[in-house]
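Working notes for the structure below.
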Amino acid sequence: MTLKQILSGMAAGVFATASLFAISSHATDITGAGATFPFPIYAKWADEYKKVSGNSMNYQSIGSGGGIRQIGAKTVDFGASDRPLTPDELAKGGLVQFPAIIGGVVLVVNLDGIAPGAMRLTGPVAADIFLGKIKIWNDKAITELNPGLKLPADPITVVRRSDGSGTTFLFTDYLAKVSPEWKTKVGADQSVAWPEGVGGKGNEGVSAYVQRIKGSIGYVEYAYAKKNKMAHTALRNQAGNFIQPDDLTFQAATANADWSKAPGFFLVLTDQPGKDSYPISGASFIIMHKSQDNPEKALAVLKFFEWSFKNGGKSATEMDYVPMPDSAVKLVQAMWKNDIKSATGQAVWK
């Protein structure tokens, strides 16, 4: 039996295509940095990918702001951000971006006797908490939403991000859409002038603070809340329904997403219509340079995400992320072919 036949047999049921990996004498390792939101699934994909390809993907979970800075400085092969860059920002930096995974941001609380999903909040009430207007847990605005819960007359400690964060962008973008006061006083960005609270670095830092501080509330990507068995809240959506976060309600929020009409894939999925849509859903984006000084590394990045799109759906769903739909993946790969080129103008992806 030839080497080609052996490899083809091993690939059955594991690889979507046998052409994903070229036989070479050395592995091509790649580095990325940025958003903490997708870190759990990127770490899972990297582990699975190395087992089947021999190639490593080393990802630094440093926040979207850090990822944007590092790809701008060319210290990593790709950056990652939950705040999509605008077409003007992409053009100015000579960059392209594409969505890689969809998930959701949840509010988490540390209150005795409150089970995950038991508490209900609305966007305006959450905004007033983070504005510092609602200061105790048995405030009328909260108790009226939760008649079945016994809420203490304890002070609320707000926990928010201290670093530049795509998770913060999604959360503040949502609050700006549902609270005129938040929009006027704070706005939406990856870093804002917080009116209230203590800061934690990364989803990891916010999770750790909320777990330690009784009476606290924070916001994290759902995978962190689920992994750490934290008490997340249900959140009222546009349709007036209180929605629990999971892959199905994140997926419902993407039902109206038309990536073909989004210049540079600039699309924000917060506060989407639909009876089952979870209101703080969003995509996480990969950012690369259009002109590649090292085409081999760029191709290795694209091969990693090609493999992840084809083979990572099961892991993503198990971790309550939503894989990108096939229609979006086709658009992404067309962009790879057309826009990512070597310094001599040759297409990296063919």
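Brief remarks on what is shown
- Failed item in (1) touching a helix residue (DSSP H, G or I) at 6+ places or on another chain (Cβ under 8 Å); (2) at pLDDT 95 or above, with G215 passing the rest: (1)
- Pick from region 295-331, criterion under 19 Å from A255 (Cβ atoms) and among the β-branched types (V, I, T), ranking: surrounded by the fewest Cβ atoms within 10 Å (Cβ to Cβ): T317
- Matching residues in region 168-213 - criterion: being within 21 Å of G34 (Cβ to Cβ) and of a type in the set (A, V, I, L, M): L170, A188, V192, V206, A208
- Among the helices (runs of 4 or more DSSP H) confined to region 136-233, the ones with at least 1 residues that are under 21 Å from A118 (Cα atoms) are located at 140-143, 166-178, 202-212, 222-227.
- Count of region 44-96 residues which are within 21 Å of F171 (Cα to Cα) and among the hydroxyl-bearing types (S, T, Y): 4
- Matching residues in region 146-162 - criterion: being touching a residue at least 40 places away in the same chain (Cβ under 8 Å) and either surrounded by fewer than 20 Cβ atoms within 10 Å (Cβ to Cβ) or not charged (D, E, K, R) (or both): L151, P152, D154, P155, I156, T157, V158, V159, S162
- Residue count for region 29-86, restricted to those that are of a type in the set (A, V, I, L, M), out of contact with any strand residue (DSSP E or B) (no Cβ under 6 Å at 6 or more places or on another chain) and within 21 Å of S191 (Cα to Cα): 1
- If you check A100, A35 for being touching a Pro at 6+ places or on another chain (Cβ under 8 Å), closer than 27 Å to P325 by Cα and either at pLDDT 95 or above or outside the structural domain of Y209 (by TED's automatic domain parsing) (or both), only one passes: A100.
- Selection status of L269, without any contact (Cβ under 8 Å) to a residue 60 or more places away in the chain, surrounded by 20 or more Cβ atoms within 10 Å (Cβ to Cβ), touching a helix residue (DSSP H, G or I) at 6+ places or on another chain (Cβ under 9 Å) and not charged (D, E, K, R): no
- Flag for F98 being farther than 25 Å from Q60 by Cα, touching a residue at least 40 places away in the same chain (Cβ under 8 Å) and either crowded, with 21+ Cβ neighbours inside 10 Å or of a type in the set (S, T, Y) (or both): no
- Selection status of P124, surrounded by fewer than 20 Cβ atoms within 10 Å (Cβ to Cβ) and either in the same structural domain as L170 (by TED's automatic domain parsing) or under 30 Å from V332 (Cβ atoms) (or both): yes
- Applying the criterion of being in a strand (DSSP E or B) and farther than 21 Å from V329 by Cβ to the residues of region 97-115, the residue that is farthest from the chain's Cα centre (by Cα) is V109.
- Selection from region 194-212 of residues that are hydrophobic (A, V, I, L, M, F, W, C) and either more than 21 Å from the chain's Cα centre (by Cα) or buried (at least 19 other Cβ atoms within 10 Å of the Cβ) (or both): W194, V198, V206, V210
Every residue, every condition in (1) more than 26 Å from the chain's Cα centre (by Cα); (2) under 25 Å from V220 (Cα atoms); (3) modelled with pLDDT under 95, yes or no:
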position	(1), (2), (3)
M10	yes, no, yes
F21	yes, no, yes
I41	no, yes, no
D47	no, yes, no
M57	no, yes, no
G65	no, yes, yes
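- Residues that are part of a loop (DSSP other than H, G, I, E, B) and out of contact with any Asp or Glu (no Cβ under 6 Å at 6 or more places or on another chain) within region 122-135 comprise T122, K133, K135, listed in sequence order.
The values are calculated or read from the model by the stated rules, or taken from the named source; none is laboratory data. Computed from a predicted structure; not experimentally measured. Glycine gets a Cβ as well: all are built from the backbone with ideal geometry, and neighbour counts include every protein chain shown.
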